[in-house]
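Written below as structure tokens is the structure these notes are about.
The values are calculated or read from the model by the stated rules, or taken from the named source; none is laboratory data. Given the structure is predicted, the values throughout are model-derived calculations rather than measurements. Neighbour counts are summed over all protein chains in view; Cβ atoms, including those assigned to glycine, are modelled from backbone coordinates with ideal geometry. With ligands, DNA and RNA removed, areas are computed over all heavy atoms of the protein, side chains included. Shrake-Rupley method; radii C 1.70, N 1.55, O 1.52, S 1.80 Å.
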Amino acid sequence: MISLRNLKKDFDGREILKGINLEIPQGQIVFILGTSGTGKSVLLKLLVGLLRASGGEIWIQDKETTHLSEDELFEVRRECGMVFQHPALFDSMTVADNIAFGLRRHTDWDEEKIQKRVLECLDLVHLKNVSDSFPSSISYGMQKRVSLARSIAVQPQILLFDEPTTGLDPVTTQAINDLISELSRKLKTTSLVVSHDMICALQIADHIIVLDKGEIVEQGSPAQIKLSRHPLVKDFLAEVVS
């Protein structure tokens with residue numbers, strides 16, 4: 001589904017990603033872990049063309065995307081649902097209108113079909129009776145769920161999560177993690193999760209990648225990661241034990 005080949009990114013000569021090679025099979029949940037400033041979020045932005053690579057290739061399905069025009073990238077982005085670190089909802093729109101936003105812009109569906117899809121998505125994220133509410137009137141955890149519902153509304157093949165549990169209490173964090181796993185399996189999407197949450201990664205990931213200083217320093221299944229001797233991975237694992 002996704003292939004990164006010697007992918008590089010620098011800003012004003014400062015290397016952020018130093019030649020990333022990665023294969024992500026269809027249907028997998030892949031976590032990218034690392035400390036702040038290691039290039040995790042940059043990697044997501046490169047995937048959807050919000051940033052341009054300094055070198056290397058990005059393959060999504062059978063299309064190499066690094067040299068595509070903005071119009072061509074638009075078609076690639078339609079295959080990707082992005083869940084941001086913060087809900088990023090439109091305050092002036094109801095929950096239903098937030099979820100319907102992409103459907104109204106990118107499909108020719110009539111309003112009846114759009115509203116049916118909105119209710120389906122709300123059901124998928126386990127929210128009821130909030131479609132007419134405004135974001136400010138629901139909890140932050142519920143806003144996160146609405147953001148996820150908006151991302152899956154257009155039925156993307158790929159889901160990208162940028163620190164999805166930032167700012168949440170432990171109970172809500174677990175609920176969001178469970179929802180990521182449930183939706184990824186049910187919808188058969190390929191999910192890429194940027195996070196610093198090793199506990200969640202060990203629980204729901206098929207594959208875990210650890211970035212440090214712009215390079216992959218460890219990767220493998222949760223069971224393999226638990227056996228890693230790399231100092232950074234051991235630090236992350238120590239937090240799980242504590």
Number of the exception - residue 226 against (1) open to solvent by less than 30 Å² (accessible area, probe 1.4 Å); (2) over 21 Å from residue 82 (Cβ atoms): (1)
Residue satisfying condition, being outside any strand (DSSP E or B), open to solvent by 80 Å² or more (accessible area, probe 1.4 Å), over 20 Å from residue 26 (Cα atoms) and of a type outside the set (Phe, Trp, Tyr), within set 108, 97: 108
Could you tell me which of the residues 84, 90 is open to solvent by 70 Å² or more (accessible area, probe 1.4 Å), touching a residue at least 12 places away in the same chain (Cβ under 8 Å) and touching a strand residue (DSSP E or B) at 6+ places or on another chain (Cβ under 9 Å)? 84
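Can you confirm whether residue 234 is loosely packed, with under 14 Cβ neighbours inside 10 Å and in contact with a Gly (Cβ under 8 Å, 6 or more places away or on another chain)?
So residue 234 fails the test.
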Positions within region 147-174 being modelled with pLDDT under 90, in a helix (DSSP H, G or I) and either among the hydrophobic types (A, V, I, L, M, F, W, C) or touching a helix residue (DSSP H, G or I) at 6+ places or on another chain (Cβ under 7 Å) (or both), in sequence order: 171, 172
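Checking the conditions here, which among 52, 5 is part of a loop (DSSP other than H, G, I, E, B), farther than 20 Å from residue 147 by Cα and among the charged types (D, E, K, R)?
One residue alone meets the criteria, 52.
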A careful count of residues in region 165-193 that are open to solvent by 10 Å² or more (accessible area, probe 1.4 Å), under 14 Å from the mean Cα position of the chain (by Cα) and in contact (Cβ under 8 Å) with a residue 60 or more places away in the chain gives 2
Selection within region 194-213 - of a type in the set (D, E, K, R) and either open to solvent by less than 60 Å² (accessible area, probe 1.4 Å) or more than 19 Å from residue 33 (Cβ to Cβ) (or both): 197, 206, 212
For residue 161, are the conditions met, namely being more than 16 Å from the chain's Cα centre (by Cα) and in contact (Cβ under 8 Å) with a residue 40 or more places away in the chain? no
